[in-house]
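First the structure, in the form of structure tokens, and then the observations on it.
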Amino acid sequence: MTRPVTVTLDVEDLRASAEPEDRTVRMTEQVLDLFGRFEVRASVFVVGDVAERHPSLIRRIAQEGHELGLHAHAHIPIASVPPKQFHNATAGARAQLQDLSGQEVPGYRAPMMSLVPLSAWTIPILAELGFRYSSSVLPAPSPLYGWPGLPRRPFRWSDGLIEFPCPLVRFPGVDLPYLGGTYIRLLPDIVRRIGLRRATPSEVLWTYCHPWEFDTHEPYHTLPHIGRLASRIAWLGRSRMADRMGRVLTNPIGAPLGRIASDLASTDLPVVDPGAPPNLGPMARWADGRLRER
Ligand SMILES: [Zn+2]
């Protein structure tokens, strides 16, 4: 039987300026329309500065029954501001999102999965601010951001925050986040089917995408923090995205991550000390962080 897949959407505006026209609202509305056609209730992670500029978009997301999560106060790597500033900006952005939506905001997703050993100091702050879960790590070596050695199933950081790691499928020499937007756009459907077939019962499966991945008319620009190669990849296959995502949405759909976190709250999960160093082999040490901006 096909395993349920929770749908998530990361709402962000990666352009240097919101002028001259706001593509983010238009594209987010298109994705919400798509979710509506499939009667999907998603976990929608919104960047704080986007929520501030577009309160009516947040109200629509809430009214349509989606769960709201925070995709950081700004779309920058999670640890690129000092701890005090991170604390205050994250608290403010969460409060704003809760006010606009009239909902608790239970979850946090780091931009670009940038929760890595070097940014582990953010984890106790997220727990202290009241987040119940995070879905911010890629548990493998990655040319951008990855945290090799973490469990591939939900686990608890030692301060209590539940983590839903990004689902991966293992092929020789590489672990692919097969339910991520880039992979849905670029790889044949068979990869997703293999991933779903190989998923273990303890994994929580979730797919993620971004409004800009559906934007076939956006002029190319180099995206911040990820460099030219990854930026080029972000423009590939956009004309296929709506169709491909539609196919994903025909899968049985899982509950929003906050609901799953509530169900898991009283259960035993593996516990991970964020201060423990990851165990990297030589290939993983070479690959990890290769494309990250330095
Ligand atoms: Zn993002």
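Yes or no: ILE123 β-branched (Val, Ile, Thr) and touching a residue at least 60 places away in the same chain (Cβ under 8 Å)?
On the way: β-branched (Val, Ile, Thr): yes; touching a residue at least 60 places away in the same chain (Cβ under 8 Å): yes.
It is true that ILE123 is β-branched (Val, Ile, Thr) and touching a residue at least 60 places away in the same chain (Cβ under 8 Å).
Pull up the range 17-60, narrow it to residues that are open to solvent by 80 Å² or more (accessible area, probe 1.4 Å) and among the basic types (Lys, Arg), then point me to the one that is nearest to the ligand (Cβ to nearest atom).
So the residue we want is ARG53.
Within the range 219-248, which residues are open to solvent by less than 30 Å² (accessible area, probe 1.4 Å) and β-branched (Val, Ile, Thr)?
Narrowing the range 219-248 to residues open to solvent by less than 30 Å² (accessible area, probe 1.4 Å): 223, 226-227, 230-231, 234, 237-238, 241, 245-246, 248.
Those that are open to solvent by less than 30 Å² (accessible area, probe 1.4 Å) and β-branched (Val, Ile, Thr): ILE226, VAL248.
Looking at the range 153-179 only, could you name the residues that are crowded, with 17+ Cβ neighbours inside 10 Å and farther than 26 Å from LEU126 by Cβ? Show your work before the answer.
Taking the range 153-179 and keeping what is crowded, with 17+ Cβ neighbours inside 10 Å, we get 153-157, 161-169, 175-179.
If the condition is that a residue be crowded, with 17+ Cβ neighbours inside 10 Å and farther than 26 Å from LEU126 by Cβ, then VAL169, LEU176, TYR178 are the ones that fit.
Do you know which residues across the range 211-227 are without any contact (Cβ under 8 Å) to a residue 60 or more places away in the chain and assigned to a helix (DSSP H, G or I)?
Listed by number, the list holds a single entry, GLU213.
Residues to consider are LEU138, LEU150; find the one that is more than 16 Å from the ligand (Cβ to nearest atom) and surrounded by 19 or more Cβ atoms within 10 Å (Cβ to Cβ).
Details: LEU138 fails: more than 16 Å from the ligand (Cβ to nearest atom).
Of LEU138, LEU150, the one residue that is more than 16 Å from the ligand (Cβ to nearest atom) and surrounded by 19 or more Cβ atoms within 10 Å (Cβ to Cβ) is LEU150.
Take the range 90-124 and flag every residue that is out of contact with any Phe, Trp or Tyr (no Cβ under 7 Å at 6 or more places or on another chain), within 16 Å of the ligand (Cβ to nearest atom) and assigned to a helix (DSSP H, G or I).
THR90, ALA93, LEU97, PRO111, SER119
Looking at (1) among the aliphatic types (A, V, I, L, M); (2) touching a strand residue (DSSP E or B) at 6+ places or on another chain (Cβ under 8 Å); (3) over 30 Å from GLY149 (Cβ atoms), can you tell me which one ALA110 breaks?
It is condition (3) that ALA110 fails.
Can you tell me how many residues within the range 61-75 are within 12 Å of the ligand (Cβ to nearest atom) and of a type in the set (A, V, I, L, M)?
Residues that pass the stated criteria total 3.
With open to solvent by less than 30 Å² (accessible area, probe 1.4 Å) and either within 16 Å of the ligand (Cβ to nearest atom) or more than 19 Å from the chain's Cα centre (by Cα) (or both) as the only criterion, which of THR216, THR207, THR182 stands out? Outline the logic, then answer.
Working: THR216 fails: open to solvent by less than 30 Å² (accessible area, probe 1.4 Å); THR182 fails: open to solvent by less than 30 Å² (accessible area, probe 1.4 Å).
Result: THR207 is the single residue among THR216, THR207, THR182 that is open to solvent by less than 30 Å² (accessible area, probe 1.4 Å) and either within 16 Å of the ligand (Cβ to nearest atom) or more than 19 Å from the chain's Cα centre (by Cα) (or both).
The values are calculated or read from the model by the stated rules, or taken from the named source; none is laboratory data. Bear in mind that the values here come from a model prediction, so they are computed numbers and not experimental data. When we count neighbours, we look across all protein chains shown, and the Cβ atoms used for this are built from the backbone with ideal geometry, even at glycine. Keep in mind that these areas ignore ligands, DNA and RNA; they rest on the heavy atoms of the full protein, side chains included. Shrake-Rupley method; radii C 1.70, N 1.55, O 1.52, S 1.80 Å.
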